[in-house]
Amino acid sequence: MPTIAAHRQPDRNFRYWIIAPAIFLLLAVGLFPLIYSLIVSFMRIDMMDTDTSFAGLYNYKQLFKDLRLWQSLLHTLVITAIALPLELLFGLAMAYLFLEKMPWRQIFVSLLVLPTIISPIVAGATWRLLLDNQYGPINQILGWFAGHRVNLLWTINPFLVYPAIIFCEIWQWTPFMFLILLAALSNVDKSQTEAAEIDGASFIRTFRYIVLPAIWPVMAIAILIRGLDLFRIFDIIWALTMGGPGTMTETISIYTYTMGFKQFETSYTAAIAFLVIAILTVVVTWAIRRMGLAK
Amino acid sequence: MSAALPFHRRPGNRLAFRYALAVIITIIFVFPVYWLFIISFKTPDEIFAFPPVWYPKSLQLANYKVLFKDGDAATVGNSLILASVSTFFAMILGTIAAYSLVRFKTGGENLAVWIISQRMMPPVAIVFPLFLVYVWLGWVDTYVGLIVLYTAFSLPYVIWMMRGYIEDIPLELEESALVDGCTRGQVLWKVVLPMARSGLFATAVFTFVFAWNDFLFALVLTRTEVTTYTVQVTHYFGGQSNFWAKIAAMSVLGTIPVFFTVAVMQRYLVRGISMGAVKG
Amino acid sequence: MVTRRDVGKIGVAAGLAGSTSLAARQAAAADAAQTAVDAAKQYSGQTISIVWEAGLQALDPLNFSGPKWKELTGIDVKVVEVSTAEMFTKIMQDYKSGAGAYDALNVIPSWMPDLVNAGALEDLDPFVDKYGYREELQKIAATYRDNQMMVNGKIYGFPDDGDVFVMYFRKDIFTDPAVQAAFKEKTGKDLAVPTTWAEFDATGPVLTELLKDKGTYGAGFFRQPPYTMFMFQERFRNEGGKFFDADSMKATINSDVGVKVLTDMRAENAWMPPGVEQWGFVENLAAFLQGQTAMTISWPPYGRWAAGYGTDQEVLSWVPKSTIAGKVGYAMPPGGHPELAAGFCLSVASTSKNKDAAYLFIQWLNSESTSLQRVQLPYALRDPFRDSHFTSAEYLAKWPDAKDYLAALQAGATNGLLDLSVLQTDKYEETLRQMISKLWAGDDPKAIADAAAAEWDAITDKIGVDKQKAVYGAWASKSGAYPKM
């Protein structure tokens, strides 16, 4: 990736000036909580005791014995691994659909952004109502297709909970991919794609060799961001199943919320947080190298 | 010409096909939102009716009036302020920071990863220490406090997204501007930002949305003065009550401003200048 | 018949009128409300904050008690509305941070051991003595008074809400000769409101069979885990179960009783409306008010709203219209010992900077005269909790069946069972919730009961068996812990 030669003296510090405010703000807001969490993770503070004596790696050792924690990570991984590619594909397809002009495109695109603007909590609650067996239209619609009343308990049946959650999640966040990719696709050099088309190149070839390299920086980052956010998925699942049945749909965020927020296992939650950061840092670093984002 | 093209390539059919697809997809995505919105006009018996009611008998605005009367609608205003202001600052600080990362590789890969690591931290773990800091600063339940917070938390997203869009901009444009005697700042302002318009727009929309949707931090860091719309909406879900009409009406109120902003600003989504003209 | 009251000014005026007549009758006795008002006047101009459940509950201090207190004493009441799910967290966080932003609190009684243990609640005994409230405290209905007020022998909260499970049934169906005849024909027994769970499981399915064509089922419940968790606690104990072995502190929820309760509960879903496993408070309410279920169990508001009391209020416009007004009967849930599910107490935060002012406000709220007005507010979620509430002539006149309603509530207050309340109760409750959700998912009842018991044991071990044993022992010795069998 080309850079501008730093040969002009007065501008030499420009690069530092423009990044300094952001770094400063990030440090100011982010540093204390990080250090606090780190220190606390070496203690044994919970709801009842504020034992601030140094407890070493006690909490971290507990992490490895905690089956529920690793199950929640697995659940999170499953949801991410299924939803992310689907959101990407649908988003890309939709971006292509709306790329060329069409009448009222503005209205369509604005409408399509709506799922993301509804507060996730409200979206979750709405879906719960929509999926309700008696008061929701989804089972009613399915009943029309099936020809008889359909009694699918989307939030109770162990076989249906994951499809329900993933569907709602994709519904809510595909527009994110859609809008970002639309912006990226619209920046692609049209002269190149037109030339390719005249030359008789198929859509796939044009996409692979011209479009994809052009939108890759944005697409890769969108994948990264969306992946990180999927890892933190909370509201939809909380509204639909509260992590149930049992702990079957409990993701790492729900588990952390229960531990940290409801049960005040402050130290243990801090340890979980660092475990999550460690895992994600490894994944992100690998992903960045792989996706060529830091060339 | 069109006769020679296959069926699916003929302009008229192609448009019709795209249109039909667009309508179907939009219906799928908008249907749940529609369902939510019409609840604001339904009576409780229509909300809890079997079979479900698809269209309410009357479109009465009583629920909306109640929200304004009780002052609940003000929470939408709070969220708008917090999200808009923080987006504004985050976009500025973040975009220029992104430029530094892209064109000067400031801090290299490590800095870039550190910046995105903010988004890896489970919010639950850091909300309490932040609360402690805010208590000490006296920033609990203030606009300033939440704006600073949202700005800071939006930065990683803005920086990383804009990195991608800025990379898309050919270096030659900037170099020729420099050769023409522009300062670095002018290059940034006059060449880069206009070229990155669509990216700026797309990024700004979701920066706003993320701040707008935040629940956890708003819950812990506010009490009564700066209640946000996300927190207010949860008040309507009681253990022994469920103000669905209010939930729906609030959601409508909260969505309209964003919807119109997106609709209006859309022309920035698609870059007007064809690259071909400049490249020559 | 049903008086229409407006929210706000008229409510206040009527309240004042009511309390004046009451005060006149109590002229001889020291009126705790008046004492509180007099003592609080010195703090005029100050503001105290009180944490209250958001939504409907908060309308009491927002529209009635807050403005009235301001009128009487000049003290501003800032109502901090918090969702029930977050109340405990916000109170704890405020305490742990030292922010001291809250003066008075609403706490759910089962949280009190944890809050007291952490140091978040103020011991109220000195204030009770200082302002002479002992006498009126005694007049709170026995079960609430003896079980929800104290931790370790000290007063930490004033019971302020008579939450209890009541069984509501369609007396028109139970007294319908055609239904009675058909029932007798099918089962050989007379149709009667069930008083045991065995009777319930025998009566319900038959009713469903007989009435299904008209769109009515034998019964419906709010089967979502957070609510069923309370129902499980109630039913389990009514059937003879004990939560722990008092000596070893081993969990005994997976005893035969526990497994039976789980099995029976799931079997019931078969004859309840399809999808009942997803029902929450409002879904269940809608079904009952629309006539879809012949029996249900829930908190007191169902009884008021089914009768149409207060549902013309704007704030209750979300309640589905009752099609069954005048047709509702009230009874104890099967087993006869209803759960005093949730409930609220008024407390003072230990980090408050205005403890006296905060205390005086809650004394005034909780007093005989003020509380009587508060539980009668048409939009109130506060249910009667004082002996005088159950016999109040004013309340009795509210709707024709009010006397049966109040009688049922009073019976519940006498026979009621407490929510389990030990150290880190939420962890135990969470296990129960998950147990219920697994039950609806179809898992084997014995297996899930065993898993739940094992989790409970793990929690107890982590907290410390001896510590928990002491707290559990104190709870189990309360009159409302286990039914006298």
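The values are calculated or read from the model by the stated rules, or taken from the named source; none is laboratory data. Everything numeric here is computed off the predicted structure, so don't read it as measured data. Positions of Cβ are backbone-derived with ideal geometry, glycine not excepted, and every protein chain shown enters the neighbour counts.
Among the residues making up region A:32-49, a single one is modelled with pLDDT under 90 and out of contact with any helix residue (DSSP H, G or I) (no Cβ under 8 Å at 6 or more places or on another chain): A:Asp49.
Here region C:441-456 is the region considered, the condition is being of a type outside the set (Asp, Glu) and at pLDDT below 95, and the residue that is nearest to A:Glu250 (Cα to Cα) is C:Ala441.
Here C:Glu394 passes the criteria (1) surrounded by fewer than 20 Cβ atoms within 10 Å (Cβ to Cβ); (2) of a type in the set (Asp, Glu); (3) within 13 Å of chain A (Cβ to nearest Cβ) except the one numbered (3). Here A:Gly260 fits the description: closer than 19 Å to A:Leu67 by Cβ, surrounded by 24 or more Cβ atoms within 10 Å (Cβ to Cβ) and more than 9 Å from chain C (Cβ to nearest Cβ).
Being in contact with a helix residue (DSSP H, G or I) (Cβ under 8 Å, 6 or more places away or on another chain) and surrounded by fewer than 20 Cβ atoms within 10 Å (Cβ to Cβ) is the filter here, so list the residues in region B:134-147 that pass it. So that I can check it myself, show each step before the final result.
So in region B:134-147, the residues in contact with a helix residue (DSSP H, G or I) (Cβ under 8 Å, 6 or more places away or on another chain) come out as B:134-135, B:137, B:139-141, B:143, B:145-147.
Selection gives B:Val135, B:Leu137, B:Trp139, B:Asp141, B:Tyr143.
Just wondering, is there one or more residues in region B:154-165 that are out of contact with any strand residue (DSSP E or B) (no Cβ under 7 Å at 6 or more places or on another chain), among the aromatic types (Phe, Trp, Tyr), more than 7 Å from every other protein chain (Cβ to nearest Cβ) and assigned to a helix (DSSP H, G or I)? Scanning region B:154-165, I find no residue that is out of contact with any strand residue (DSSP E or B) (no Cβ under 7 Å at 6 or more places or on another chain), among the aromatic types (Phe, Trp, Tyr), more than 7 Å from every other protein chain (Cβ to nearest Cβ) and assigned to a helix (DSSP H, G or I), so the answer is no. How about region C:99-118: which of its residues are facing another protein chain (nearest Cβ under 7 Å) and not aliphatic (A, V, I, L, M)? C:Asp114, C:Asn117, listed by residue number.
Only residues that are in a helix (DSSP H, G or I), among the basic types (Lys, Arg) and facing another protein chain (nearest Cβ under 8 Å) were counted in region A:209-244, giving 0. Considering region C:397-452, the residues that are within 25 Å of C:Pro334 (Cα to Cα), among the aromatic types (Phe, Trp, Tyr) and touching a residue at least 40 places away in the same chain (Cβ under 8 Å) include one that is nearest to the other protein chains (Cβ to nearest Cβ), namely C:Trp440. The test for being closer than 27 Å to B:Gln232 by Cβ, facing another protein chain (nearest Cβ under 9 Å) and at pLDDT 90 or above holds for B:Val127. Applying the criterion of at least 2 residues that are β-branched (Val, Ile, Thr) to the helices (runs of 4 or more DSSP H) found wholly in region C:256-345 leaves C:256-269.
Find the residue count for region B:167-219, including only residues that are part of a loop (DSSP other than H, G, I, E, B), closer than 30 Å to B:His235 by Cβ and free of Cβ contacts under 8 Å to residues at least 24 places away in the same chain. Full working, then the answer.
To start, the set of residues in region B:167-219 that are part of a loop (DSSP other than H, G, I, E, B) comprises B:168-170, B:180-183, B:196, B:214-215.
Imposing the further condition that a residue be closer than 30 Å to B:His235 by Cβ reduces the set to B:214-215.
This time we only want the ones that are free of Cβ contacts under 8 Å to residues at least 24 places away in the same chain, so: B:215.
Looking only at that region, the number is 1.
Of all residues in region A:264-286, those that are of a type in the set (Asp, Glu) have Cβ atoms under 9 Å from Cβ atoms of residues that are not in a helix (DSSP H, G or I), 6 or more apart or on another chain, in A:Glu265/A:Ile45; A:Glu265/A:Asp46; A:Glu265/A:Met47.
Could you go through region A:169-180 and let me know if any residue there is at the interface with another protein chain (Cβ under 7 Å from one of its Cβ atoms), within 18 Å of the chain's Cα centre (by Cα) and aromatic (Phe, Trp, Tyr). Yes, region A:169-180 contains at least one residue that is at the interface with another protein chain (Cβ under 7 Å from one of its Cβ atoms), within 18 Å of the chain's Cα centre (by Cα) and aromatic (Phe, Trp, Tyr).
A single member of C:Arg134, C:Arg145 is charged (D, E, K, R) and in contact with a Pro (Cβ under 7 Å, 6 or more places away or on another chain), and it is C:Arg145. Applying the set (1) assigned to a helix (DSSP H, G or I); (2) surrounded by 18 or more Cβ atoms within 10 Å (Cβ to Cβ); (3) under 28 Å from the mean Cα position of the chain (by Cα) to A:Thr206 leaves exactly one unmet item: (3).
Of the residues making up region A:18-75, those that are in a helix (DSSP H, G or I), closer than 30 Å to C:Trp111 by Cβ and among the β-branched types (Val, Ile, Thr) are A:Ile39, A:Val40.
Taken together, the residues in region B:103-124 that are within 7 Å of chain A (Cβ to nearest Cβ) and among the small types (Gly, Ala, Ser) amount to 2. Across region C:309-339, what is the number of residues that are polar (S, T, N, Q), closer than 18 Å to C:Ala380 by Cα and touching a helix residue (DSSP H, G or I) at 6+ places or on another chain (Cβ under 8 Å)? So the count comes out to 3.
Conditions tested, residue by residue: (1) within 13 Å of chain B (Cβ to nearest Cβ); (2) among the polar types (S, T, N, Q); (3) without any contact (Cβ under 8 Å) to a residue 60 or more places away in the chain; (4) under 10 Å from C:Asn106 (Cβ atoms).
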| position | (1), (2), (3), (4) |
| --- | --- |
| C:Ser49 | yes, yes, yes, no |
| C:Glu53 | yes, no, no, yes |
| C:Leu56 | yes, no, no, no |
| C:Ser65 | no, yes, no, no |
| C:Glu71 | no, no, yes, no |
| C:Ser83 | yes, yes, yes, no |
| C:Met87 | yes, no, yes, yes |
| C:Lys90 | yes, no, yes, no |
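If I filter region A:93-103 for residues that are within 30 Å of C:Asp114 (Cβ to Cβ), within 13 Å of chain B (Cβ to nearest Cβ) and touching a Lys or Arg at 6+ places or on another chain (Cβ under 8 Å), do I get at least one hit? Before you say what the answer is, go through the steps one by one.
Taking region A:93-103 and keeping what is within 30 Å of C:Asp114 (Cβ to Cβ), we get none.
No: region A:93-103 contains no residue that is within 30 Å of C:Asp114 (Cβ to Cβ), within 13 Å of chain B (Cβ to nearest Cβ) and touching a Lys or Arg at 6+ places or on another chain (Cβ under 8 Å).
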